[in-house]
Amino acid sequence: MKAPSANSAKIITASPAGIDKAVAALEAGKLISFPTETVYGLGADATNDRAVAAIFAAKGRPRFNPLIVHLPDIAAVAGVARLEGLALKLAQAFWPGPFTLVLPRLETAKISLLVSAGLDTIAVRVPRHPVATELLRRFGKAVAAPSANISGRLSPTRPEHVVEELGNRIELVLDGGLCEAGLESTIVRVAGDRIELLRPGTITPAQISAVAGLPVVSVHEDENPSAPGQLKSHYAPRAELRLNATAPEAGEAFLAFGQTGIKTPNMLNLSPSGDLTEAAAHLFAMLRELDRSGAPAIAVMPIPAEGLGLAINDRLKRAASPRPQEEAAYEQA
Ligand code: TXA
Ligand code: MG
């Protein structure tokens, strides 16, 4: 175990005062960790683009895979996603609990586009851990939270695990002791009367089948989790993308990064100061906006291939590659 450094996050008791501190940190756009019945989450305000970008930076993920959004109850979920039919039936059976539904995102949802990593779906969960529930109630907004580990490591089930790995990158950890389940939530997507298991977890296929009266189709990919073919709804701009462009050509929209003397119509800047977290926060919204301009192509300036720049470049490359664009969002996260 590494010795905690002076600026390491504190594990704080989940008393009303402790939860108030966590809420204040979320409101300030900071990262916190909180217990759920599965594993500890690395939480941020899901409506704050920069806070969501900071999650990816803290985990050191080389690409943007979508995050689960946590809400206190079914009514709150219905405010961000379309929840009806079979999906609603499963929600009523398994929420609150270790169960995540991938649902169509509402156009009106105020959730950061980065949470969905450009997909038009959103993964939602209503946890049943009392500390998580209380935090979500008091915060009153959605909390985006992957497991609170560095990318590629094991999911944490004790507050000390979180401090060891992420102590210098987060504000605080709410103490919930040992997580009851110790295994991530089950992730399910409903397509008509087909129930797809995207990630096996605490709730078993047999439990789901018993509620739905239908079989559960496993579509997770153990051997090759990033293989293409799972998701048809990944956002790719209609316009062509021209990467590593130093200037736009006639008619092109322009996505800039850092200082540039260029002035052209249909130009947006991911981060005039060259800040990669700010750039990640703006990426999906700016791509969409430039695409809406109707330009046949979007020229994109080079982004440094370091830190969050790796994930930004990964996403840009995939948006630039020939259609059809299909890829798996399921990954070890
Ligand atoms: O138990 C859990 O689910 C924990 C606690 C903190 O809630 N969270 C968790 O999150 O395991 P994370 O980020 O480590 O895993 C999220 C998984 C990823 O495999 C991701 O690809 C998938 O959810 N996912 C998220 N949004 C999705 C979407 N719109 N479509 C398909 N898969 C999605
Ligand atoms: Mg994870």
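Values in this text are rule-based calculations from the coordinates and carry no lab data. Please read all numbers here as calculations on a predicted model, not as lab measurements. Here the Cβ is made from the backbone with ideal geometry for all residues, glycine too, and neighbour counts use every protein chain on show.
Annotations for the structure displayed:
- Projected area averaged over orientations for the stretch 1-83, convex hull of C-alpha atoms, nm²: 7.6
- Ordering 274, 36, 248 by Cα displacement along the dipole of the chain toward the positive end leaves 248 in first place; charges were set at the Cβ atoms of Lys, Arg (+1) and Asp, Glu (-1).
- With the highest mean first, a sort of the peptides 110-116, 133-139, 161-167 on other beta-carbon atoms found within 10 angstrom per residue produces 110-116, 161-167, 133-139.
- A simple charge model with +1 on the Cβ of Lys and Arg, -1 on the Cβ of Asp and Glu and nothing else charged puts the dipole of the stretch 45-124 at about 260 debye relative to its Cα centre.
- Amide hydrogen proximity for residue 121: with H placed 1.01 Å from N in the peptide plane, the residues at 5 or more positions away or on another chain lying under 5 Å are 105.
- Fully extending the segment from residue 320 to residue 183 would add 45.7 nm, taking 0.36 nm per residue of separation and subtracting the current Cα-Cα distance.
- Each Lys and Arg adds +1 at its Cβ and each Asp and Glu adds -1 at its Cβ; summed about the Cα centre, the chain shows a dipole of about 280 debye.
- Potential extension, residue 204-residue 93 segment - 0.36 nm per residue separation minus Cα distance: 38.7 nm
- Label-to-label distance, nm, for residues given as residue 260 and residue 211 (7 Å Cα→Cβ offset): 4.8
- Magnitude of the charge dipole for the stretch 2-104, about its Cα centre and with charges confined to Cβ atoms of Lys, Arg (+1) and Asp, Glu (-1), is about 460 debye.
- Taking only the C-alpha atoms of the chain, the Rg (one decimal) and the largest Cα-Cα distance, Dmax (whole number), read 20.0, 62 Å.
- On the beta carbon distance between residue 138 and residue 305, with R0 = 45 Å, the FRET formula returns roughly 0.65.
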